[in-house]
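The values are calculated or read from the model by the stated rules, or taken from the named source; none is laboratory data. These numbers come from a predicted model, not from an experiment. Quick reminder, even Gly has a Cβ in these numbers, built from the backbone with ideal geometry, and neighbours come from all protein chains shown. Remember, those area values only see protein heavy atoms, side chains included, never the ligands or the DNA or RNA. Shrake-Rupley method; radii C 1.70, N 1.55, O 1.52, S 1.80 Å.
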Amino acid sequence: MEEIVQQYRNLLKETDEILKIHEQEWKKSGKYFNVFSAIGIERKEIRHSALLASFLDPNGFHGMSDLFLKEFLNRIGFTHFPVKDARVFTEEVISNNRRLDIDICSKDGKYKVVIENKIYTSDHDQQLNAYLEDLKKQKLTDYKLVYLTLYGEKPIEDIKEDETHLICLSYKDDIIQIIDSVSSINNLLPQPVLEIMRQYSLTLKNLTNQGVDKNMNEELMQLLLEGNYFQLAEELSKQIEPLKIQILTSFLTLLKQKFESNKHKVEISENSPEKAARKYITSKNSWINLNISLESGKTFILQFADLDEIWQIIENDPENTEKLNKISTVTDFKPLFIKFKSPNDEFKTFAKMNDTEREKYVSDYVGDIEARLKNLNI
């Protein structure tokens, strides 16, 4: 047993050395600096929609003309779409006050592509069926509804219309490949646009958990092969999910305890931090709710739809909800928004802390929430 433990230690030590060497190289070269991450918009659906729409617009100032649009249409098998002078819109309002993320329309209005963009949310309220029904009513020659998600998931809702008009695309494969294909034509694209597309491709690879440093990946694979570490690595990989559950359980437990120590009543989804953490980590489209009743009698929900996005929703008080809506930076969930790090960074950060540091981290977080509520006279 001791021999196996020592093998694990050797593997982790050698892996850590490779990571540190490449991390130093990243910082010196700046090649993995990412403006989208730096300004905190990499996980906001509306920003992705705006950027994609600008790439798709054949009349945009990007210098690509209809190159990106053609690659996209080829990807969805809509090659007969007349791209000349096509128009691209975002947030277009249709019936029942629904909004289309991206709407691509031919000049004659007879062909259309609608893109429903999802980063960390999923389809809801039968929205895809509503879009398809709206498109069908327009008596178009042909149309497509593209359901774009990080990994190309199928919709939750049952599609009532002809599914030949619905196409599921992923950022992980489809959008990244379109970007890389267009970017490979270096002699046609302006350098500033190439750099933006390179950084955006890097952003999407980070979001979809893909290794972005090929040299480092090759070194790690070589280490596993030469050291006969494959079986050890496989066993270690099995511990990632339980480890995340344990770390998230610890975080939620401390968070609940801190709110309660401040004389707030807390109810957590699944009735326990461990069960809530397990469901969140192991299930897609899951979330965690902490229903918190303040001494004032007001109630708000601390909702984890993703560890980097937290919404506090004040219930049963239109006046306070109106105040909060004015400062909201979130379109899908209102009103109050606090930005966390990405899930992987959050796990790493919390895992590295000792008990004292974790207590302070959670205490500061709760204090920040309470200060925001106090400033709103809640």
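A compact table of results
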| item | result |
| --- | --- |
| Added length on full extension, which subtracts the Cα-Cα distance from 0.36 nm per residue, residue 24 to residue 6 | 3.8 nm |
| Size-normalised alpha-carbon gyration radius of segment 130-230, reference 2.2 N^0.38 Å | 1.54 |
| Under the Karplus curve 6.51 cos²θ - 1.76 cosθ + 1.60, θ = phi - 60°, whole-Hz ³J(HN,Hα) for segment 44-52, x wherever Gly or Pro sits | 9, 4, 5, 6, 4, 4, 5, 5, 4 |
| Hz values of 3J(HN,Hα) by residue in segment 131-140 - Karplus curve (6.51, -1.76, 1.60), Gly and Pro given as x | 5, 5, 5, 5, 5, 5, 5, 6, 6, 6 |
| Distance from segment 49-81 to segment 10-24 (C-alpha centre basis), Å | 41 Å |
| Apportionment of accessible area to carbon and sulfur, segment 175-292, percent (1.4 Å) | 50 percent |
| Two-decimal Rg/Rh across segment 90-184, once Rg and the Kirkwood Rh are taken from alpha-carbon atoms | 0.97 |
| 3J(HN,Hα) from dihedral phi, segment 190-207, Karplus parametrisation 6.51/-1.76/1.60, rounded to Hz, x for glycine, proline | x, 4, x, 5, 4, 5, 4, 5, 4, 5, 5, 4, 5, 4, 5, 5, 5, 5 |
| Distance from segment 232-249 to segment 360-374 (C-alpha centre basis), Å | 29 Å |
| Computed lengthening from residue 133 to residue 80, 0.36 nm per intervening residue step minus Cα-Cα distance | 16.9 nm |
| Separation of alpha-carbon centers, segment 286-301 and segment 128-165, rounded to whole Å | 36 Å |
| 5 angstrom amide H check on residue 146, placed H, neighbours 5+ away | 114, 115, 116, 167 |
| Amide proton proximity set for residue 65, modelled H, under 5 Å, gap of 5+ | none |
| Cut-off under 5 Å, modelled amide H: who pairs with residue 92 long-range | 100 |
| Where labels lie 7 Å past Cα in the beta-carbon direction, separation of residue 356 and residue 91 in nm | 4.8 nm |
| Principal axes of segment 135-178: Cα extent on each, largest first, Å | 33, 24, 12 |
